[in-house]
Ligand SMILES: [Zn+2]
């Protein structure tokens, strides 16, 4: 919800033990007032005639005891019953809110997650006062420790004079609040939410990490499937809303995983991680979620509120719509968005998606050409697509050696990103840079490990797997090992 130049005052309500405090007589009364049939009501009354609970403790279960209030724990009906129990709240609170197409939206209700919204702080206080009366009437308790006020605004400091009270007690004003699993901030930016999700997703990966590697699978796809289900799903939660924007924490997660899986050096260029594995930026995934959500909403009936809100977003040129128009302008199908209806938008978004995918891939390939420190990579990476060695039945260790050789990230003396270092080979006395070509093809000290197939081959053909990937991996493994041995001896 966005209001130009204005502020949105919001009260996020937390009920103490919401489901447990529902008054059952009141519930049946409210349900019958809503017009539920006697048959339904009788059935419900039967379910609730006798409810027993027990408490699970360190030393096992407690004895059973009867309960007379609350909806049943873990019952699939309970969220619905609670929703219906507080459904009249929006009639009871008849002030505040914002008007859209003649409809007043005063609060957002999702079971016991409820938010009041108002354009003025005094009106929000009136709403809070009315909530207090409502709670008295229906035996609900507001948990003040977890209920907070937030003032959404474009920027600027908050006036000290804003104060809100519930039954005389001061309500804390916060700049962040987690609602329905998403951390909202007062400026409406998602950065803080994504940083938190990145930490959660990494935690998820670290938790399953040992198990992943115990697999010792030679099918690299299976590792990426684990990534998608344990980490990507956390990171991309609610991407339906924010997915049209590119966010650094989101892309970081995928790069973190690729580096960890293949134990690649921390300074491996980002574009190489994606180009070698053939994984698309996660942005292309979140964009798909976001646009599917738009198409879903467009397909709803005209009187559905989310569809009305989306049309308002179009009319007011909200950022998600500007994003579509910017790319449609580049792609040349802008006119297909003139009327925002499903029959023209669906094929137009499909075209636009393909356009953005190819643009993103081209951007990555362009980075190869712009890279200063990886000259060989320019010759071996010229088109999009995961490299064959990932699907060639190699071990992760073998893949790692090839990955490092191709990206010129082997631990050799040639490190052009440290221009003042001495790059010369320490193994031989040729006084030449110890780069990937010298290491693989030229250094006389490593001669005995070199396959006969390498003689008269170019570095490009070897790094392209022309002499088989296995041969390359074996050579790098043995030669690196021997190099370490000699360097340690020299230094020791
Ligand atoms: Zn050498």
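Rounded, prolate or oblate: pick one for the stretch 159-226, where a ≥ b ≥ c are the square roots of the eigenvalues of its C-alpha gyration tensor, a/c under 1.5 means rounded, and failing that, prolate if a/b is larger than b/c, else oblate.
The shape class here is prolate.
What's the angle, to the nearest 10 degrees (0 to 90), between helix 121-138's Cα axis and the longest principal axis of the chain?
70 degrees
Where a ≥ b ≥ c are the square roots of the eigenvalues of the C-alpha gyration tensor, would you call the stretch 16-129 rounded, which needs a/c under 1.5, or, failing that, prolate if a/b is larger than b/c, or oblate?
Cα axes put the stretch 16-129 in the oblate bin.
Do me a favour and compute the ellipsoid semi-axes for the stretch 192-298 from its Cα gyration tensor, root of five times each eigenvalue, largest one first, whole Å.
25, 15, 14
Find the all-direction average of the projected area of the Cα convex hull for the stretch 132-274, expressing the result in square nanometres with one decimal place.
For the stretch 132-274, averaging the hull's shadow over all directions gives 13.2 nm².
Would you list the P(r) distribution for the stretch 271-390, with all Cα-Cα distances sorted into 5 Å bins from 0 and each bin expressed as a whole %?
Once binned at 5 Å, the Cα pair distances of the stretch 271-390 give 2, 10, 18, 18, 14, 11, 9, 8, 5, 3, 1, 0.
Working from Cα positions, state the angle (0 to 90°, nearest 10) between the long axis of helix 305-315 and the longest principal axis of the chain.
Compared with the principal axis, the helix lies near 60 degrees.
Suppose R0 equals 41 Å; then what is the FRET efficiency for residue 210 and residue 26 from their Cβ-Cβ distance, rounded to the nearest 0.05?
That gives a FRET efficiency of 0.20.
Once you have all Cα-Cα distances for the stretch 336-492, histogram them in 5 Å bins from zero and send the whole-percent values.
Bin by bin from 0 Å, the calculated values are 1, 8, 14, 17, 16, 12, 9, 5, 4, 4, 3, 3, 2, 1, 0.
Once you treat every alpha carbon in the chain as an equal point and sum by Debye, what is log10 I(q)/I(0) at q = 0.09 Å⁻¹?
-0.85
Just to confirm my numbers, what's the Cα centroid distance between the stretch 465-482 and the stretch 119-196 in Å?
Spelled out, the Cα-based centre of one part sits 61 Å from the other.
Expressed in nm to one decimal, what extension gain is obtained for the pair residue 470 and residue 300 from 0.36 nm per residue of sequence separation less their Cα-Cα distance?
Computed gain between residue 470 and residue 300 is 55.7 nm.
Under 8 Å for C-alpha pairs, at least 6 residues apart: give me the relative contact order for the chain, rounded to a whole percent.
It rounds to 11 percent for the chain.
May I ask for the angle, rounded to the nearest 10°, between helix 342-370 and the longest principal axis of the chain, with both axes built from Cα atoms and the value confined to 0 to 90°?
Helix 342-370 sits roughly 30 degrees off the main axis of the chain.
Would you compute, from DSSP H runs of 4+ residues alone, the mean residue ellipticity of the chain at 222 nm, taking -39500 (n - 2.57) per run and dividing by the full residue count, rounded to the nearest 500?
That comes out to -14500 deg cm²/dmol.
Under the rule a/c < 1.5 gives rounded, and otherwise a/b versus b/c splits prolate from oblate, where does the stretch 84-183 land using the Cα gyration tensor?
Cα axes put the stretch 84-183 in the rounded bin.
Residue separation times 0.36 nm, minus the C-alpha to C-alpha distance between residue 105 and residue 307: what's the value?
Gain in length upon complete extension: 71.3 nm.
Place a label point 7 angstrom from the Cα of residue 478 along the Cα-to-Cβ direction, then list the residues of the stretch 408-424 whose backbone nitrogen is under 14 Å away.
none
Once the piece of chain linking residue 491 and residue 176 is laid out straight, how much longer is it, given 0.36 nm per residue of separation minus the C-alpha distance between them?
That works out to 108.0 nm of additional length.
Read the figures in this text as sums done on the coordinates, not as results from a lab. Fair warning: this is a prediction, and the values are worked out from it, not measured in the lab. All Cβ positions, even for glycine, are placed from backbone atoms using ideal geometry, and neighbour counts span all protein chains on display.
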